[in-house]
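Working notes, beginning with the structure itself.
Please treat every number below as a calculation from the coordinates, not as lab data. All values derive from a computational prediction rather than experimental measurement. Every residue, glycine as well, gets a Cβ built from its backbone with ideal geometry; the counts of neighbours run over all protein chains shown.
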Amino acid sequence: MPPSTGPLPPYGAPAPAAGYPSAPQAPPHTGGEPPHLTAPAEAAPPGPAAGPSAEPDGPGRPLLAKSGAPQAPGPQASGPQVSAPQPAPEGADPGFVPVPGDGGPRPTTPPHAAAPGGHGPVPPGGHGPVPPGGHGPVPHGAWQQYDPWSAPLQGGPAAPPQRPRNRRGLLAVGAVALALLAGGVGGGVGAYVERYGGINDIKLPQAADDAGGRRPDSVAGIAQAALPGVVTLHVRGNAEQGTGTGFVLDRQGHILTNNHVVEPAGTGGEISVTFSGGQTAKAKVVGQDGGYDLAVVQVEGVTGLRPLPLGNSDSVRVGDPVVAIGAPFDLANTVTSGIISAKQRPITAGGEKGDGSDVSYVDALQTDAPINPGNSGGPLVDARARVIGINSAIRAADTGSGSESGGQGGSIGLGFAIPINQAKRVAEELINTGRATHPVIGVTLEMEYAGDGARVSEHSKGGKQPVTPGGPGAKAGLRAGDVITEVDGAAVHSGEELIVKIRSHRPGDTLLLTLQRGGKQQSVRLRLGSSTAG
């Protein structure tokens, strides 16, 4: 678009406001010496102009200027001229050089050189380019500051100041990243300090982890082998409840325990079995016998059962190591160890009913392995984790001899277990028939006898004769008043001991009895009968 025409604005007046400023025009030539527009040595600051005219870069800073409009060659104008700027010193901006006393750079066009773009020379004195036709210089000021149709300066126009980037966003992102990094490092350091302590904390020496196994005959090895087959029983009845122990007999779910453990359930109670791994199942009573203080319960729908192997209690020797497993005071999977401290200890337990029907007679294994309330029915195992007895009774300091369920006294190192040979026979009968048979000799004993031995009663009791006619005793020749002192060579000191010795055998076994009759000692052979009365 060609520049608009019109009179020049007054010197120092603002450039046209709309669009780009019009190119300055020379006054009409009337002949003779062309007039010259002169400008003072120091031009007044240019007025505001529309468009991207140069602005001061700040107080006391140089005014950046572009070259003037293109000019045609013409005669030199007289009058004050702007001094030509000197070449730029090395390293300075190629488009500007400092002017002493002016505080700012000036264009580096040499004197009398053609204006940028080759349109005309610059008049001497540097006050402005010669207008077309050489009629006079263009006024210095706003018109020299900007011309949209002029050629660019050498080296290109000065780059406009760059807008500052959005540093606030960058700072925010950096702050978040720093916070995350600091949090991660702090958390790691805190975890390290919590686990391993501070840098300067005292660290005590400690042995490395023992990943090795245990010998099978050690207490740990025995417990590892036996625990999976041991269970805890919780029994609830209408009037009472209790806790005991048992162990798995076979993969059909039969579990052996004491009769006094399941007795509180009665006929309508509930029995819950908890295995060593924590699994639970309901159980029902298969058979029970108060005379032996043994019972069998069964769980159904349980897989992965671990029956315990049964040993031989007749082969046990005093001093053999044993391990007792149970739930004393409802502390399941408790393991204690000791030895067999005695054999064939005749003990009686129960007797709470008064008629003697609940009295159990046991030719027991004695052990110093701690047994407490809740151990009842649990296994007593040998060094090969084989069951040799069922823990049933303790001698407590405050309750005397009897079943461990009879009181809450703690162990004093006198525990008693039913020999497994006797328990095995009874368990088989309870599983197969629901009832256990008792060996009998067919006589009534005088339990109040204070002498040494077991005396056959001299009088009938309750309509029963002292020696049952046709019974095992009558066939062996026993009489009322006989005192039995030995069974198979083992001394008998009371009626209870005789019953214990008899109960340790099976019906049909033959015994050699030594007795005193009329001051004389004699021996008889007796074949045991059978009874299902408990």
*Extension gain (nm, one decimal) between E240 and A208, 0.36 nm per residue minus Cα-Cα*: 6.6 nm
*So, in nm, how far is label L170 from label D330 when the simple model puts each one 7 Å beyond its Cα toward the Cβ?*
7.0
*Mind listing the long-range amide H neighbours of G291? Cut-off is under 5 Å, sequence gap 5 or more, other chains count too, H placed in the peptide plane at 1.01 Å from N.*
none
*Residue by residue through the range 374-383, which ³J(HN,Hα) values in whole Hz follow from phi under the Karplus form 6.51 cos²θ - 1.76 cosθ + 1.60 (θ = phi - 60°), with glycine and proline marked x?*
x, 6, 3, x, x, x, 10, 10, 8, 5
_Geometric extent, Cα atoms of the range 246-325 - Rg, Dmax (angstrom)_ = 14.2, 44
_Give me the tail of P(r) for the range 378-534 as a percent: Cα-Cα pairs with distance above 20 Å._
59
*Quote to one decimal, in nm, the extra length available between K475 and Q522 on full extension: 0.36 nm per residue of separation minus the C-alpha distance between them.*
15.3 nm
*Taking Cα atoms of the range 484-528, Rg/Rh with Kirkwood Rh, to two decimals?*
0.96
*asked:* Suppose we take every Cα in the range 236-286 and form the convex hull; what volume per residue is that in Å³?
replied: 81
_Across K284/K464; K282/K501; K284/K461; K464/K501, pairs whose alpha-carbon gap is larger than 30 Å_ = K284/K464; K282/K501; K284/K461
*For the range 327-342, 3J(HN,Hα) per residue [Karplus equation, 6.51 cos²θ - 1.76 cosθ + 1.60, θ = phi - 60°, Hz, x = Gly/Pro]*: 10, x, 6, 6, 9, 5, 6, 8, 10, 10, 10, x, 9, 7, 8, 6
*Of all the C-alpha pairs in the range 185-244, what % are more than 12 Å from each other?*
81
_At most 16 other Cβ within 10 Å, DSSP loop - trypsin sites (Lys or Arg not before Pro), the range 292-362_ = R317, K353
*Hey, what do the phi angles of the range 234-251 turn into as Karplus ³J(HN,Hα) couplings, whole Hz, using 6.51/-1.76/1.60 and θ = phi - 60°, x for Gly and Pro?*
10, 10, 10, x, 5, 10, 8, 8, x, 10, x, 10, x, 9, 6, 8, 8, 7
